[in-house]
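Input: a single structure, listed below in structure tokens.
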Amino acid sequence: MFDFLKNLLKTSNDSQIRKLQKTVEQINALEANTKKLTDDQMREKIAELRKRAQGGEALDALLPETYALVREAGVRVLNQRAFDVQLIGGIVLHQGRIAEMRTGEGKTLTATFPAVLNALPGKGVHVVTVNDYLAKFQSEWMGKVYRFLGLTVGLIVHDLDAAERQVAYAADITYGTNNEFGFDYLRDNMVTYKERMVQRPLNFAIVDEVDSILIDEARTPLIISGQGDKSTELYNRANQFILTGLTEAKEDKEDREGGLAVEGDFLRDEKDKTLSLTERGVRKAERFFGVENLTDPENQELYHHILGALRAHKMMKRDVDYVVKDGQVVIVDEFTGRLMVGRRYSDGLHQAIEAKEGVKVERESKRHDRHGQDRGGGVQRHLQAGRRHHPHQPAHDPQRHERRRVRHDEGQVRRHHRRDRQAPRHRPAGAGGHGLRRKERAAQRHAGPPGRGARGAERQVP
């Protein structure tokens, strides 16, 4: 069965390659005449193709001649002649499809072909990479080809101001990271005057390492935020409360009958990566902060800070989730392991970690959506590495453990009811009953966490 599917997919792929090979033959047929052109004549040819593209001629009709010119430019500037497989990859990218190429097949050079072709109408092309280093390196290396053909090249990196970004986006081909392009798009949706926008209307983009950017990094929602005005003192007080020594509640024998352990100050939910205070922990907090009822609505912010400090101490690990560098807490990217300088966790978590590590606690900021509306909520500057729940869902619930108790009791009743109706006459030893539930709970306790929750990216409004 698997061999059949494999052969079917292989046959389909080979059929697509054969169709593209006809276009490659047209490009190869132009190679001899293209080699005879001088450098100035090649630039004149590109200028002529520009006029034809801007006059409305289809880019597919200009593809063979354009690709032949780009390949010859690569030979003269980089001493690299693109192979047929790279031409096929360039055609696939121009068609808006994904081109999977092995290591060493020259993906960087391959991207120059559709980049030049789609830059001809003068509407701009974005080449999206995973980090600033690759964006800078590729723009300098492949930029030699583009400039040789008379095209301009821009680079978007973190420290550019608005005027510099406008110049970079006005270039024929612009390199940058997905986060930079995304944040600039959000900022453009917040400006008051059109003249302050930095991006042009979106035209064509080539995405490097598409699996990382459109799958892994796509879990990162981009959120713009502004400076908040709340005091940071509560973070330090919440941190002092955690340092008094809170113990984690463990399951005991009563859990078998539907109860939850109370011999501890907080509960940990490994599946949802959340923490909550037990009744004993709530009483401790009420005594420490001098409040009568921690679960009252007016104490919601206090409870949120306590949970943030608890998570900073019990879940966030130094040199794994973050590092402390030059007096600042710097996030470690969970996908690449790189330091995400200038980005911050959301919902007060970053401030809680700063209080834990004894560095300066920065103020919270207010979040804005892509239309610039204030969403509040104490979201942090630069990066939201956020919650798994809906953004409008409360960040905590003082009664959560009580609802868990009720759901557990209801589940026990339903399971007993099903066993009464469907119990077999001859049950193997060890099946069903409390023994089976003990095994299930043991398997759940030893099972690893399902993975981190979705992160979010947030940047400060300049």
query: How many residues are β-branched (V, I, T) and closer than 24 Å to I98 by Cβ when one looks only at the stretch 191-207?
result: 2
message: Given the options K51, K19, name the one that is assigned to a helix (DSSP H, G or I), assigned by TED's automatic domain parsing to the domain that holds L109, among the charged types (D, E, K, R) and modelled with pLDDT of 95 or more.
response: K51
task: Can you confirm whether the stretch 142-162 contains a residue that is under 30 Å from T38 (Cα atoms), assigned by TED's automatic domain parsing to the domain that holds D84, polar (S, T, N, Q) and crowded, with 22+ Cβ neighbours inside 10 Å?
output: no
When residues of the stretch 114-134 are limited to those that are small (G, A, S) and buried (at least 23 other Cβ atoms within 10 Å of the Cβ), the one farthest from A58 (Cα to Cα): A115
- line: Conditions (1) farther than 22 Å from K356 by Cα; (2) in contact with a Lys or Arg (Cβ under 8 Å, 6 or more places away or on another chain) -> A309 fails only (1)
query: Do you know which residues across the stretch 95-113 are buried (at least 22 other Cβ atoms within 10 Å of the Cβ) and either in contact with a Phe, Trp or Tyr (Cβ under 8 Å, 6 or more places away or on another chain) or aliphatic (A, V, I, L, M) (or both)?
result: L109, A111, T112, F113
Index of the failed condition, Q300 passing every other in (1) at pLDDT 85 or above; (2) within 28 Å of E362 (Cβ to Cβ); (3) outside any helix (DSSP H, G or I); (4) among the polar types (S, T, N, Q): (3)
- prompt: Based on what the data block shows, is I173 in the same structural domain as R200 (by TED's automatic domain parsing) and touching a Gly at 6+ places or on another chain (Cβ under 6 Å)?
  reply: no
- prompt: For the subset of the stretch 219-239 comprising residues that are in a helix (DSSP H, G or I) and surrounded by 12 or more Cβ atoms within 10 Å (Cβ to Cβ), which member is modelled with the lowest pLDDT?
  reply: R219
- prompt: Quick check, is T34 over 37 Å from the mean Cα position of the chain (by Cα), modelled with pLDDT of 95 or more, in the same structural domain as P121 (by TED's automatic domain parsing) and surrounded by 13 or more Cβ atoms within 10 Å (Cβ to Cβ)?
  reply: yes
Filter result for the condition that a residue is of a type in the set (F, W, Y) and free of Cβ contacts under 8 Å to residues at least 60 places away in the same chain, over F148, F113: F113
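The values are calculated or read from the model by the stated rules, or taken from the named source; none is laboratory data. The structure presented is a predicted model; accordingly, all values stated were derived computationally and were not measured. Here Cβ is always computed from backbone atoms with ideal geometry, including for glycine, and neighbour counts include all displayed protein chains.
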